[in-house]
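A quick write-up on the structure given underneath.
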Amino acid sequence: MKESYQQIYLASRPYWDTRFNDIHLPLAHEYARQLLISYPDADEAIVIPAILMHDNGWKMLTPDQQAKSFGPNMSRADLRRQHELEGVRIAKEILGEINYDETLSAEICHIIDGHDSREHAISLNDKLVKDADKLWRFSPTGLDIDHRRFGKELQAHAIWTRDQIDEWLFTERAKEIALELVNMTIIQE
Ligand SMILES: [Fe+2]
Ligand SMILES: [Fe+2]
């Protein structure tokens, strides 16, 4: 791991002890690394910092506010937006602290700024971050957490999640990984 990635990781970790982010973020980071192998034209120096810091802003919202601002029962898009804006603010602080390259920092912040609210991707780097962020939803760990917090039965939630693959994911490799992951949980009739 490049030294700067470790600095970003260590500076971000304190923000992760909420909303299962201490589980979500390490998984998202692993998926980002897998996708970077399949897409060598993407820039690791943008994708890795962006994925590590993208959800740091959740820490600024209470669990009650968080519950209303994501998932199939979302009612407060403004609070979801707030976690992106807080995430950008925190990312600027962390990147400034370690004197990270300014051009790279600008794209990292741009990606974090729209990682949930912006439905299209602005670059290949953005596609990888968006896909790495969502892939954990298909994993046994993500499904197990999500079906409980969304009040859904596990099988029904896994099947619904599988049906979102084309809707949620941009890259072909992420779609392959998602299908393989979600099929771990789905019991075939
Ligand atoms: Fe997010
Ligand atoms: Fe996320």
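The values are calculated or read from the model by the stated rules, or taken from the named source; none is laboratory data. It should be emphasised that the depicted structure is a prediction, and the values quoted were computed from it without experimental measurement. Neighbour counts are summed over all protein chains in view; Cβ atoms, including those assigned to glycine, are modelled from backbone coordinates with ideal geometry. Remember, those area values only see protein heavy atoms, side chains included, never the ligands or the DNA or RNA. Shrake-Rupley method; radii C 1.70, N 1.55, O 1.52, S 1.80 Å.
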Enumerate the amide H contacts of Ser139 below 5 Å, restricted to partners 5 or more residues apart or on another chain; note that Pro and chain-start residues carry no placed amide H. none
Quick one: ranking Met60, Met53, Met184 by accessible area, 1.4 Å probe, largest first, what do you get? Met184, Met60, Met53
Please give the solvent-accessible surface of Phe170 in Å², to the nearest 10, using a probe radius of 1.4 Å with every protein chain present. 70
How many nm separate the modelled label positions at Glu180 and Arg118, each set 7 Å beyond the Cα in the direction of the Cβ? 2.9
Just the accessible area for Lys134, please: 1.4 Å probe, Å², rounded to the nearest 10? 30
Approximate spin-label separation Glu3-Leu85, in nm, with each point projected 7 Å along Cα-to-Cβ: 3.7
Estimated [θ] at 222 nm from DSSP helical runs (n ≥ 4, -39500 (n - 2.57)) normalised by residues in the chain, nearest 500: -19500 deg cm²/dmol
Can you sort Glu180, Glu153 by solvent-accessible area, 1.4 Å probe, largest first? Glu180, Glu153
Specify which residue in the list Tyr15, Phe150, Ala91 is farthest towards the positive end of the charge dipole of region 3-182, using unit charges on the beta carbon of Lys, Arg (+1) and Asp, Glu (-1), about the Cα centre. Phe150
For region 3-182, compute the number of Lys pairs whose alpha carbons are separated by less than 27 Å, excluding pairs fewer than 8 positions apart on the same chain. 20
Find how much the distance from Glu44 to Arg173 grows on full extension, using 0.36 nm per residue of separation minus their present alpha carbon separation; answer in nm with one decimal. 44.8 nm
Quick check: with the 1.4 Å probe, what order do Ile187, Ile98 take by accessible area, largest first? Ile187, Ile98
Contour minus end-to-end for Arg148 and Arg13, with contour as 0.36 nm per residue of separation and end-to-end as the Cα-Cα distance? 46.2 nm
Kindly state, to the nearest 0.05, the FRET efficiency for Met74 paired with Asp101, given R0 = 35 Å and r defined as their beta-carbon distance. 0.50
Quick check: the distance between the Cα centres of region 1-33 and region 59-91, to the nearest angstrom? 18
Carbon and sulfur atoms account, in whole percent of the 1.4 Å probe accessible area of the chain, for 50
Output ³J(HN,Hα) for region 93-110: one whole-Hz value per residue in order, computed from phi by the Karplus curve 6.51 cos²θ - 1.76 cosθ + 1.60 with θ = phi - 60°, and x for Gly and Pro. 4, 5, 5, x, 4, 9, 6, 5, 3, 5, 5, 4, 4, 4, 5, 4, 5, 4
